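*Asks:* One structure is given below, represented as structure tokens, and several questions about it will come after.
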Amino acid sequence: MAFEPVLLRNVGKPGVRQVAGYREAGGYKGLEKALGMEPDAVIEEVKASGLRGRGGAGFPAGLKWSFIPKGNDKPKYLVCNADESEPGTFKDRILMEQDPQQLIEGCAICCWAVSANTCYIYIRGEYVEQAEILEEAIRDAYANGILGDDVMGSGFKLDMYVHRGAGAYICGEETGMLESLEGRRGQPRIKPPFPAVVGAFGCPTVINNVETLCNVPHILERGADWYKSIGTDERNTGPKLYCVSGHVEKPGTYEFPIGVTMNQLIDTCGGMWRGAKLKAFIPGGASAAILPAKHADLPLDFDQLAKAGSMLGSAAVIVMDENTDIVRAVHRLAKFFNHESCGQCTPCREGTNWSELVLKKILAGKGNPGDAELILRICRNMGGTTLCALADAAVGPLRSLVQNFPEEIAAWIDNGGAGAEPRRYFAEEVLV
Amino acid sequence: MSEASEPRLPEEIREAIDALRPRYPTEEALLLPALHMAQRHWDGWLPDEAIAAVAHELNLTPAKVYGVVTFYDLYHQNPVGRHRLRVCTNLPCALRGAEEVLDSLRSHLQVDEDEVTADGKCSFVHFECLGACEQAPMMMVDDDYHAHLTPESVRRIVEELD
Ligand SMILES: Cc1cc2nc3c(=O)[nH]c(=O)nc-3n(C[C@H](O)[C@H](O)[C@H](O)COP(=O)(O)O)c2cc1C
Ligand code: FES
């Protein structure tokens, strides 16, 4: 049976940004159903679905919700992570642009389940248009009794606000985001305490990615069993958005049951750009290890990618053809992590800087035979030694350069890049 | 300095900030929204007087506000052009020729990154992934995204700005 899109089913449908149009397309049945259930039963349903976080770490969503303490001594919050700054990722933008009510519905169900009366959607500052679309959709939801003092006539009170960031990758890290929301530099916090206990404004807080929350209405409406029937196995369930970029003919956001392969994605994207051959791909955004083409038939799910030494991450699939210089590609990513390190932790601040410098030196034709080992040493010093996972993210592509593409780095070190054309960056003929 | 000459936010921004107050349990949380508004008012950047005005409005020290301003890429501490161009050069865009687009823009504008053209019209920077890699190579002009750039089209887009 052909797979019917779930998360993207409303793309291109006129009027769905408003409550009326969204309802006509079948929306708000999940929230209606949830409001008729006990909050704990909603959490159980989401747990049973196997839904894992789509923001990067793949943490089970229902389990996260169950960590929120019961009782009313403190307000509780949901902060929706719409920071979407992992290079290669653009699925949350599509979800917010095309179907903002779906996100509002998912947020509302989560709030009901954990008894939160306030939800902030923290959206990256560059998404100006998307923030306006969300504001407009939220206004319409208030006007139609979906938000406000009496959510769908249930007596449940829920306020929802859009909060714009101001340009910083680290604010996608959940505690960096909380600091930013509270009006500070986005420097991650020490954990524990975890946000479920001490989160936004010192109160219990759920943080979930946009795509994670967009799955929730469908789980409630159609049931955990239906949801679980999609995907590779019981640890990798549900539909998944893959953002394909780089050297394919038609880059874009594509929805598949979790566990599609690189080769299937390339086919869906109209093949490789100008018919070139696949050399390598990054399956899960800039933080994921780069895999060589031989993994193109691997199901892209949480566990199979972890086994292959990479990760599903944000499912940002960056495709690189045979003309790509992997050392240059990793240097660009190292530059990104250096720029985005918040500077709190020494291993990250220094490690991201040194890794960029070493790669720059290699690309200047001044590499030494020990540089591959030097890169691995920098990785060892950065990995697992910091407050947040940005340093581990920086290690992903770095280590994979040495481990999966030793010949590329050796070519630069042995002959100083002789033969590599210095300015033409990645593709033989870059533009038409 | 006397009380009266100290920088203050214009009335309409103070009202807009007041309208947001019920959304947050703390005053400090209004800082990012307030800085966005102030930057719009001060022609796209945040001079010392803007920082002082925001600090006063939210009962924060200027040092604290300054610390936040320096953390985020979208806040500027130096004058910018009437139009701000942010060219994405992260990997997915680079794979489709972003460096060549940036070179073309630089030689066309005859200024370097973060400098303002003599007529005050433009300033540009390279930028990290803007979340639109399917449109690569792409850039942001003020608040708008421009897709599928070429070294030629980027010059044309600049020419068409007022
Ligand atoms: C450096 C860094 C950047 C991150 N950026 C994002 C992001 O842009 N969007 C996102 O949803 N999660 C991001 N995360 C993951 C969040 O910390 C968090 O795990 C996630 O929002 C939880 O939601 P989920 O369980 O629904 O995935 C980032 C993590 C790190 C370490
Ligand atoms: S890399 Fe340019 S928009 Fe993502």
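The values are calculated or read from the model by the stated rules, or taken from the named source; none is laboratory data. All figures in this text were calculated on a predicted structure; none of them were measured in a lab. Here the Cβ is made from the backbone with ideal geometry for all residues, glycine too, and neighbour counts use every protein chain on show.
*Asks:* Can you tell me which residues in region A:58-69 are in contact (Cβ under 8 Å) with a residue 12 or more places away in the chain and either outside the structural domain of residue A:117 (by TED's automatic domain parsing) or surrounded by fewer than 16 Cβ atoms within 10 Å (Cβ to Cβ) (or both)? Quick ask: steps written out before the conclusion?
*Replies:* Just the residues of region A:58-69 that are in contact (Cβ under 8 Å) with a residue 12 or more places away in the chain, to begin with: A:58, A:60-69.
Across region A:58-69, the qualifying residues are A:63, A:67, A:69.
*Asks:* Scan (1) out of contact with any Leu (no Cβ under 6 Å at 6 or more places or on another chain); (2) at pLDDT 95 or above; (3) within 13 Å of ligand 1 (Cβ to nearest atom); (4) more than 14 Å from chain B (Cβ to nearest Cβ) for the single condition residue A:89 breaks and write down its number.
*Replies:* Condition not satisfied by residue A:89: (4).
*Asks:* Another question, then. Taking residue A:52 as the residue in question, decide whether it is within 14 Å of another protein chain (Cβ to nearest Cβ) and of a type outside the set (A, V, I, L, M, F, W, C).
*Replies:* The answer is no for residue A:52.
*Asks:* Suppose the filter is within 16 Å of ligand 1 (Cβ to nearest atom) and assigned to a helix (DSSP H, G or I); does residue A:47 pass it?
*Replies:* yes
*Asks:* Hey, another quick one. Does region A:36-45 include one or more residues that are under 26 Å from the mean Cα position of the chain (by Cα) and of a type in the set (Gly, Ala, Ser)?
*Replies:* no
*Asks:* Further question on the same structure: Hey, among A:119, A:110, which residue is within 16 Å of ligand 1 (Cβ to nearest atom) and either within 24 Å of residue A:5 (Cβ to Cβ) or assigned to a helix (DSSP H, G or I) (or both)?
*Replies:* A:110
*Asks:* Can you name the residue in region B:89-108 that is facing chain A (nearest Cβ under 10 Å) and among the charged types (D, E, K, R) and is also farthest from ligand 2 (Cβ to nearest atom) among such residues?
*Replies:* Ranking the candidates gives B:103 first.
*Asks:* Another question, then. Right, residue B:130: part of a loop (DSSP other than H, G, I, E, B), modelled with pLDDT of 95 or more and closer than 21 Å to residue A:165 by Cβ or not?
*Replies:* So residue B:130 passes the test.
*Asks:* Please verify whether residue B:43 is of a type in the set (Asp, Glu), on the phi > 0 side of the Ramachandran plot and not assigned by TED's automatic domain parsing to the domain that holds residue B:130, treating the condition exactly as stated.
*Replies:* Values: of a type in the set (Asp, Glu): yes; on the phi > 0 side of the Ramachandran plot: yes; not assigned by TED's automatic domain parsing to the domain that holds residue B:130: yes.
Yes: the conditions hold for residue B:43.
*Asks:* Among the residues of region B:133-162, which ones are touching an Asp or Glu at 6+ places or on another chain (Cβ under 9 Å) and within 16 Å of ligand 1 (Cβ to nearest atom)?
*Replies:* Answer for region B:133-162, where residues must be touching an Asp or Glu at 6+ places or on another chain (Cβ under 9 Å) and within 16 Å of ligand 1 (Cβ to nearest atom): there is none.
*Asks:* With the requirement that a residue be within 14 Å of another protein chain (Cβ to nearest Cβ) and surrounded by 15 or more Cβ atoms within 10 Å (Cβ to Cβ), what does region B:75-88 give you?
*Replies:* We begin by selecting, within region B:75-88, every residue within 14 Å of another protein chain (Cβ to nearest Cβ); these are B:75-77, B:80, B:84-88.
B:75, B:76, B:80, B:84, B:85, B:86, B:87, B:88, listed by residue number.
*Asks:* Hey, residue A:289 hits all of (1) in contact with a strand residue (DSSP E or B) (Cβ under 7 Å, 6 or more places away or on another chain); (2) at pLDDT 95 or above; (3) closer than 20 Å to residue A:248 by Cα but one; which does it fall short on?
*Replies:* (1)
*Asks:* Would you pick out the residues in region B:109-125 that are within 14 Å of chain A (Cβ to nearest Cβ) and assigned to a strand (DSSP E or B)?
*Replies:* The answer is B:125, and nothing else.
*Asks:* Quick check on this structure: which one of A:371, A:301 is in contact (Cβ under 8 Å) with a residue 24 or more places away in the chain, away from ligand 1 (no atom under 16 Å from the Cβ) and touching a Lys or Arg at 6+ places or on another chain (Cβ under 9 Å)?
*Replies:* Residue meeting the stated conditions: A:371.
*Asks:* If I filter region A:338-348 for residues that are modelled with pLDDT under 95, within 14 Å of chain B (Cβ to nearest Cβ) and more than 19 Å from residue B:128 (Cα to Cα), do I get at least one hit?
*Replies:* There is no residue in region A:338-348 that is modelled with pLDDT under 95, within 14 Å of chain B (Cβ to nearest Cβ) and more than 19 Å from residue B:128 (Cα to Cα).
*Asks:* On the given criteria, is residue A:74 part of a helix (DSSP H, G or I) and either away from ligand 2 (no atom under 16 Å from the Cβ) or under 28 Å from residue A:255 (Cβ atoms) (or both)?
*Replies:* Considered against the rule, which asks whether it is part of a helix (DSSP H, G or I) and either away from ligand 2 (no atom under 16 Å from the Cβ) or under 28 Å from residue A:255 (Cβ atoms) (or both), residue A:74 comes out as no.
*Asks:* What about residue A:99, is it more than 13 Å from every other protein chain (Cβ to nearest Cβ) and surrounded by fewer than 19 Cβ atoms within 10 Å (Cβ to Cβ)?
*Replies:* So residue A:99 does not fit the description; no.
*Asks:* Continuing with the same structure: Residue under question is residue B:60, and the condition is that it be within 11 Å of chain A (Cβ to nearest Cβ), at pLDDT 95 or above and under 19 Å from residue A:125 (Cα atoms); does it hold?
*Replies:* The answer is no for residue B:60.
*Asks:* When you scan region A:291-332, how many residues do you find that are within 13 Å of chain B (Cβ to nearest Cβ), outside any loop (DSSP other than H, G, I, E, B) and out of contact with any Cys (no Cβ under 9 Å at 6 or more places or on another chain)?
*Replies:* Of the residues in region A:291-332, 9 are within 13 Å of chain B (Cβ to nearest Cβ), outside any loop (DSSP other than H, G, I, E, B) and out of contact with any Cys (no Cβ under 9 Å at 6 or more places or on another chain).
*Asks:* Could I ask something else about it? Give the residue that is surrounded by the most Cβ atoms within 10 Å (Cβ to Cβ), with candidates limited to residues of region B:119-150 that are closer than 18 Å to residue A:133 by Cβ, in contact (Cβ under 8 Å) with a residue 12 or more places away in the chain and under 17 Å from the mean Cα position of the chain (by Cα).
*Replies:* B:130
Quick grid of which residues meet (1) among the acidic types (Asp, Glu); (2) closer than 30 Å to residue A:23 by Cβ; (3) under 18 Å from the mean Cα position of the chain (by Cα):
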{"position": "A:227", "(1), (2), (3)": "no, yes, no"}
{"position": "A:248", "(1), (2), (3)": "no, no, no"}
{"position": "A:257", "(1), (2), (3)": "no, yes, yes"}
{"position": "A:263", "(1), (2), (3)": "no, no, no"}
{"position": "A:273", "(1), (2), (3)": "no, no, no"}
{"position": "A:276", "(1), (2), (3)": "no, no, no"}
{"position": "A:280", "(1), (2), (3)": "no, no, no"}
{"position": "A:293", "(1), (2), (3)": "no, no, no"}
{"position": "A:301", "(1), (2), (3)": "yes, no, yes"}
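*Asks:* From A:199, A:186, A:231, A:176, grab the single residue that is in contact (Cβ under 8 Å) with a residue 12 or more places away in the chain, in contact with a Pro (Cβ under 7 Å, 6 or more places away or on another chain) and within 13 Å of chain B (Cβ to nearest Cβ). Spell out how you get there, then give the answer.
*Replies:* Numbers: A:199 fails: in contact with a Pro (Cβ under 7 Å, 6 or more places away or on another chain); A:186 fails: in contact with a Pro (Cβ under 7 Å, 6 or more places away or on another chain); A:231 fails: within 13 Å of chain B (Cβ to nearest Cβ).
None of the other options fit; the residue is A:176.
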